[in-house]
Amino acid sequence: MVSVDGLAVEFGGTTLFKDISFVINPKDRIALMGKNGAGKSTLLKILAGVRQPSRGSVSVPKDCTVCYLPQHLMTEDGNTVWDETLKAFSAISAMEQEIEELNNQLATRTDYESDEYMAIIEKVSTLSEKFYAIDRTHYEEDVEKALLGLGFERTDFQRQTSEFSGGWRMRIELAKLLLQKPDVLLLDEPTNHLDIESIGWLEDFLINSPVAVVLISHDRRFVDNITTRTIEVTLGRIYDYKATYSHYLELRKERREQQQKQYDDQQKEIAAAKEFIERFKGTYSKTFQVQSKVKWLEKLEIVEVDEEDTSALRLKFPPSPRSGNYPVICDGVGKSYDGKVVFQNASFTIERGDKVAFVGRNGEGKSTLVKCIMKEIEHDGTLTIGHNVQIGYFAQNSASLLDENKTVFQTIDDIAVGDIRLKIRDLLGAFMFGGEENEKKVKVLSGGERVRLCMIKLLLEPVNLLILDEPTNHLDLKTKDILKQALLDFDGTLIVVSHDRDFLSGLTTKTYEFGGGKVREHLCGVDEFLENKKMEHLAELERKN
């Protein structure tokens, strides 16, 4: 369906990738994987036609519709959620308008025998046949299903898009793409702005849709549930397997082990041949055998072992200064905006060493309560921060607040104080910003590289309460695993806001559920919480029935 042939991307003397070729077939569900900065988003932009490669081509049939959801969108204001989503059908409206204009021409023209008149008749006939073949009877129902599935309430439909955050606007764009029923859907981090329920809805939609999907996501469970084929971009080339990501990792490991064995066996043969040549090169009776082995060595194709990406983030939080027994105490805490209650009467205590997750649908107050703890906003009730609590805070927008005109080194050098200034380059190297990488400008960094830079800032002084609001957005799977292990080893108190099921699994021991204006405490990890939640939903459904 879509054919990629010999793609290469080069800039600033660097080759991002070269000679990449593959085909996207109907109904393919492809995971595009690789470390941050490997070129995944660039490849997706080339497939979408919004960026040109240095060499190579992408062939798309004329009747094939390709839709693309980028990581970051520039959205316009001035429409309601409903009207903006209806733009998904703008092509149909434009077709209807063109048919009406052509019919008006036919009604006013009198050159009935001319070639132009006959051409208009033929065009009206072709457009009308296509237009009336489209089923428009259910489009309002389809819009409603898409918006509700992605987390909107019916009361949101007539609200202005300007009232919503960037994450919610991203959902509107996703709804528009899904409603266009494209042949190929290109999604760059679609789950970054979705809560757990909406991710489940999107999973079901994509699994049951005939559309071909090429997907970049760092939600391992989402990727494994959706995709059946994995293309990894690594070290300038691709590896293409008809397998889920988890299965691909196993196959990739087996392949490299086989290559290594073949390479080792071949090297033994080469060493033996060279030893024979060196030993008998002056012996007349062995001349033929020596020449034979020399020719064999000249023609021999050396077995190649796939390079492995051995760069790895070395992340370890410094030892925590001892805090009081209760770092955070909430007593009747609440927050309202313009009379709308976000949450109210939240009362709970977070003890020293607790690792807690804030979960729930977007807009229910998770980040709002974090901002209350950080004293960024006023609130109702009493919120007490315990004795000697030193907070390290990663906000959702931390990466976007970096000065884009500074280099990586300058970003850290400007805020580092004391002895750590002597070790800045070592610290940057541990976060994969070694050598020339630390002279990169922030504006050329990928989303994941910016998050890593923000993490370095967290390590510049010891803390005993870490508050992380969606820290895994834009991090590749390998880096997420390293961050998760570092948080498991962290000896302080942790509050993490996340919708990433795989990341939260086994990390936290308490779960605070935000929803319906309330904050409910569950004395269990996220896995057990989700199991219990599923049972509650079934009971509620039975009661309703």
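The values are calculated or read from the model by the stated rules, or taken from the named source; none is laboratory data. What you see is a predicted model; the values in this text were computed from it and never measured. We place every Cβ from the backbone using ideal geometry, glycine too, and count neighbours over all the protein chains shown. Side chains included, ligands, DNA and RNA excluded: accessible areas come from the protein's heavy atoms. Shrake-Rupley method; radii C 1.70, N 1.55, O 1.52, S 1.80 Å.
Probe radius 1.4 Å, ligands and nucleic acids left out: which of Lys87, Lys480 has the largest accessible area, and how do the rest follow?
From most exposed to least exposed: Lys87, Lys480.
Go through region 323-328 residue by residue and turn each phi into a ³J(HN,Hα) via Karplus (6.51, -1.76, 1.60, θ = phi - 60°); whole Hz please, and just put x for glycine and proline.
Rounded to whole hertz, the list is 9, x, 5, 10, x, 9.
Tell me which residues come under 5 Å, amide H to amide H, from Arg51 once H is placed; ignore anything under 5 positions away on its chain.
When sequence neighbours closer than 5 places are left aside, the close amide H contacts are Ile46.
How large is ³J(HN,Hα) for each residue in region 354-361, as worked out from phi by the Karplus curve 6.51 cos²θ - 1.76 cosθ + 1.60 (θ = phi - 60°), to whole Hz, x for Gly and Pro?
Per residue, the Karplus-derived 3J(HN,Hα) values read 4, 10, 10, 10, 9, 10, x, 5 Hz.
Could you tell me what percent of the DSSP beta bridges with both partners in region 418-527 are antiparallel, to the nearest 5? Before the final figure, lay out the partial values.
Numbers: 5 of 10 bridges.
In region 418-527, approximately 50 percent of DSSP beta bridges are antiparallel ones.
Loop only per DSSP, at most 15 neighbouring Cβ atoms within 10 Å: give me the GluC sites (Glu not before Pro) in region 131-226, ordered by residue number.
On the way: sites: Glu140, Glu141, Glu144, Glu153, Glu163, Glu173, Glu197, Glu203; in loops: Glu153.
Answer in residue order: Glu153.
Restricting attention to region 10-116, which chymotrypsin sites (Phe, Trp or Tyr not before Pro) occupy a DSSP loop and are surrounded by at most 13 other Cβ atoms within 10 Å?
Tyr112
Here is the link list: Lys35/Lys480; Lys440/Lys478; Lys423/Lys457; Lys27/Lys181; Lys62/Lys181; Lys355/Lys478. Which ones come out longer than 18 Å on Cα distance? Don't skip to the end; give the middle numbers.
On the way: Lys35/Lys480 11 Å; Lys440/Lys478 22 Å; Lys423/Lys457 13 Å; Lys27/Lys181 12 Å; Lys62/Lys181 16 Å; Lys355/Lys478 22 Å.
Going by Cα-Cα distance, Lys440/Lys478; Lys355/Lys478 fall outside the 18 Å limit.
Kindly sort Lys268, Lys242 by accessible area of their heavy atoms, largest first, with the probe set to 1.4 Å.
Details: Lys268 140, Lys242 175 Å².
Descending order: Lys242, Lys268.
Spelling out what I want: for every residue of region 198-207, take phi, set θ = phi - 60°, compute 6.51 cos²θ - 1.76 cosθ + 1.60 (Karplus), and round to whole Hz; glycine and proline get x.
Residue by residue, region 198-207 yields 5, 4, x, 5, 5, 4, 4, 4, 5, 5 Hz.
In whole percent, what relative contact order does the chain give with Cα contacts below 8 Å and a gap of six or more residues?
Details: 876 pairs, mean separation 85.2, N = 545.
Worked out over the chain, it gives 16 percent.
Taking amide H positions as placed in the peptide plane 1.01 Å from N, state which residues far from Glu461 in sequence (5 or more) or on other chains have amide H under 5 Å from it.
Long-range HN contacts for Glu461: none found.
Can you list residues from other chains, or at least 5 along the same chain, whose modelled amide H is less than 5 Å from the amide H of Asp195?
Residues meeting the criterion, in which the H sits 1.01 Å from N, are Asn362.
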